[in-house]
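Colleague: The following block contains the structure, expressed as structure tokens.
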Amino acid sequence: MQDKATAAASGVTTFKTGDDSIVAPNVRDLGELAANLRQWLSEKMPEADGLRIENLAYPKGAGMSHETILFDAVWNEAGAERSRGLVVRVKPSSMHVYQDDMFIEQFEIMRLMNESGHVRVAEPLWLHKDTALLGAPFFIMEKCEGRVPISSPSYAQAGWLFEAKPSERRVLWEDTVRQLAGIQKVAVSDAPFLSTGAPGTGFDQEIDRWERYVTWVESRQPLPWHHRVLEHLKANLPENRPEGIVWGDARLGNMMMGADYRVVAVMDWEQCSLGGALHDLAWWLVSEDMRTTAIGVPTLEGMGTRDETIALWEEVSGKSAADLDWYLQFAAFKMSCLGAKMSLDRDTSEDGPELTDTFLNRLVADMLGWPAPAAGG
């Protein structure tokens, strides 16, 4: 959900370099950052003689919830100059999209996925929990090279994926779904650090997490419609609850592609959990709808249909997608909760924003077979 379209949330800095907008929760002095990183990395890389930090830059069109900075480390070793592209990701200190602090868990789940060999992620290298150096904990990972499908305007309307050949899109579609399903090949037992400590299974903890999220958001403005939806979902729980690790923000815009249209890296793990296998599939499908059919835009030729995506996901993951409708409803509900939070962050009016009669809530209502929600309800 944290794409360029929602970058106007308060506490987020937007500035331009040429024709590109850069979005970040904080913008710091990059010269000072380079000096700090050089000193710290010199201890992590004792073999790196004459270490230099170069080409620091904020990524364009991304980075709303976390401060993320790209750079290159350059050094001499064994008589030869070497370099490596790196990324530093800093824990948010003011702009909080989620109520749960999952910063350390992001690093750990990326390391687990990288070591598993089932999911391509940027290799996480070092985690620093102390706040003295950069003002907050941070971790450093490898910098991957590739392209990301744009979210605004939809990649189904403009951009490199829109301009690609149907055969190239088919390669991309299949590889992205295989990566999505590959997450389910990593055992839940390998990720005990994702347990929230709440009673019950990972599925129960996922319900609890979003119930707490509604309470957290409505500390600023009541959300009676969201409560009504949540109570309905809790009263109609699915029978099929396969265990599984949840990536969280499972969408095409959080995957980086190489020139061959295959996935280079699965990105943005800040909503990771033990909630169950079908949460990611549902979020993926709803996200696709929001960028195509839900806004009257046809699916691009070469991209798989919903049925094809489900079938391939089941084949690769080895898990059943039975009762998927409930997960689709829950995914749309979670998106509507995030939408409410971001609306509150953006709003400066005395009465507060309209949080009931919204695009996302109308989508939820349509999925449930309910009448469209009334403003203020």
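Read-outs throughout are calculated quantities, based only on the coordinates presented, and are distinct from any laboratory measurement. Keep in mind that this is a model prediction, so the values were computed, not measured. Note that each Cβ is placed from the backbone with ideal geometry, even for glycine, and that neighbours are counted across all protein chains shown.
Colleague: Which FRET efficiency value, to the nearest 0.05, do you get for residue 74 and residue 131 by plugging their Cβ-Cβ distance into 1/(1 + (r/R0)^6) with R0 = 30 Å?
Modeller: For R0 = 30 Å, the calculated efficiency reads 0.65.
Colleague: Let me ask another. Of the options 109, 152, 194, report the single residue whose Cα projects farthest towards the positive end of the charge dipole of region 68-213 (beta-carbon charges: Lys, Arg +1; Asp, Glu -1).
Modeller: 152
Colleague: Right, something else. Once you have a ≥ b ≥ c as the square roots of the Cα gyration tensor eigenvalues for region 160-368, tell me rounded if a/c is under 1.5, and otherwise prolate or oblate according to whether a/b is larger than b/c.
Modeller: oblate
Colleague: May I ask you to compute the full-extension gain from residue 82 to residue 201, defined as 0.36 nm times their residue separation minus their alpha-carbon distance, rounded to one decimal in nm?
Modeller: 38.1 nm is the gain from fully extending residue 82 to residue 201.
Colleague: Is there a quick way to get the dipole size of the chain? I mean about its Cα centre, with the Cβ of Lys and Arg at +1 and of Asp and Glu at -1; what is the value in debye to the nearest 20?
Modeller: Roughly 300 debye, rounded to the nearest 20.
Colleague: Something else about it: What distance in nm lies between label points placed 7 Å from Cα along the C-beta direction at residue 227 and residue 306?
Modeller: 3.1 nm
Colleague: Oh, and also: What residues of region 152-190 lie in the reach of a label at residue 315, counting those whose backbone N is under 19 Å from a point 7 Å from the Cα along Cα→Cβ?
Modeller: It comes to 167-185, nothing else.
Colleague: If you find the alpha carbon centre of region 31-54 and of region 349-367, how far apart are they in angstrom?
Modeller: So the separation of the two Cα centres works out to 48 Å.
Colleague: Further question on the same structure: For region 262-377, evaluate the Debye formula with one uniform point scatterer on each Cα (no solvent term) and list log10 I(q)/I(0) at q = 0.19, 0.23 Å⁻¹, rounded to two decimals.
Modeller: -1.18, -1.44
Colleague: Oh, and also: At 0.36 nm per residue, and after removing the present C-alpha to C-alpha distance, how many nm does the segment from residue 39 to residue 115 gain when stretched out fully?
Modeller: Between residue 39 and residue 115, full extension yields an extra 24.5 nm.
Colleague: What value, in deg cm²/dmol to 500, does the helix sum -39500 (n - 2.57) over DSSP H runs of n ≥ 4 give at 222 nm once divided by the residues of the chain?
Modeller: Estimated from H runs of four or more residues: -11500 deg cm²/dmol.
Colleague: In whole Å, how far is the Cα centre of region 120-152 from that of region 290-342?
Modeller: When both Cα centres are located, 27 Å separates them.
Colleague: Set the bar at 26 Å for Cα to Cα. Now go through 60/341; 60/185; 44/129; 91/319; 60/319; 234/319 and name every pair that lies beyond it.
Modeller: 60/185; 91/319; 60/319
Colleague: Could you tell me which residue out of 39, 80, 305 lies farthest along the dipole of the chain toward its positive end? Charges go on the beta carbon: Lys and Arg +1, Asp and Glu -1, centred on the Cα centre.
Modeller: About the Cα centre, the residue reaching furthest to the positive side is 80.
Colleague: Kindly identify region 72-128 as rounded, prolate or oblate by the Cα gyration tensor criterion: order the square roots of the eigenvalues as a ≥ b ≥ c, call it rounded if a/c is under 1.5, otherwise compare a/b with b/c, prolate if a/b is larger, else oblate.
Modeller: oblate
Colleague: Sticking with this structure for a sec: What is the spin-label model distance, in nm, from residue 322 to residue 349 if the labels are put 7 Å beyond Cα along the C-beta direction?
Modeller: Between residue 322 and residue 349, the label points sit 4.7 nm apart.
Colleague: Mind putting a number on the dipole of region 77-137 about its Cα centre? Charges go on the C-beta only, +1 for Lys and Arg and -1 for Asp and Glu, and I need it in Debye to the nearest 20.
Modeller: 160 debye
Colleague: Dipole magnitude of region 205-354 about its Cα centre, charges +1 at Lys/Arg Cβ and -1 at Asp/Glu Cβ only, in debye to the nearest 20?
Modeller: Taking the Cα centre of region 205-354 as origin, the dipole is about 180 debye.
Colleague: While we're on this one: Report, largest value first, the span of the C-alpha coordinates of region 52-181 along each principal axis, in whole Å.
Modeller: Computed over region 52-181, the largest-to-smallest principal extents equal 49, 48, 30 Å.
Colleague: Taking the mean number of other Cβ atoms within 10 Å as a proxy for protection, how do you rank 342-350, 205-213, 355-363, 282-290 from highest to lowest?
Modeller: Highest to lowest by the protection proxy: 282-290, 355-363, 205-213, 342-350.
Colleague: Moving to a separate point now. How far is it, in nm, from the label point at residue 215 to the one at residue 193 when both lie 7 Å from their Cα along the line to the Cβ?
Modeller: Between residue 215 and residue 193, the label points sit 2.7 nm apart.
Colleague: While we're looking at this one, here's another question. Work out the charge dipole of region 160-368 with +1 on the Cβ of Lys and Arg and -1 on the Cβ of Asp and Glu about the Cα centre, then indicate which of 361, 173, 330 is farthest towards its positive end.
Modeller: Checking the options against the dipole of region 160-368, the answer is 173.
Colleague: If you take every residue apart from residue 123 with its C-beta less than 11 Å away from the C-beta of residue 123, what net charge results, scoring Lys and Arg +1 and Asp and Glu -1?
Modeller: Result for the neighbourhood of residue 123: +2.
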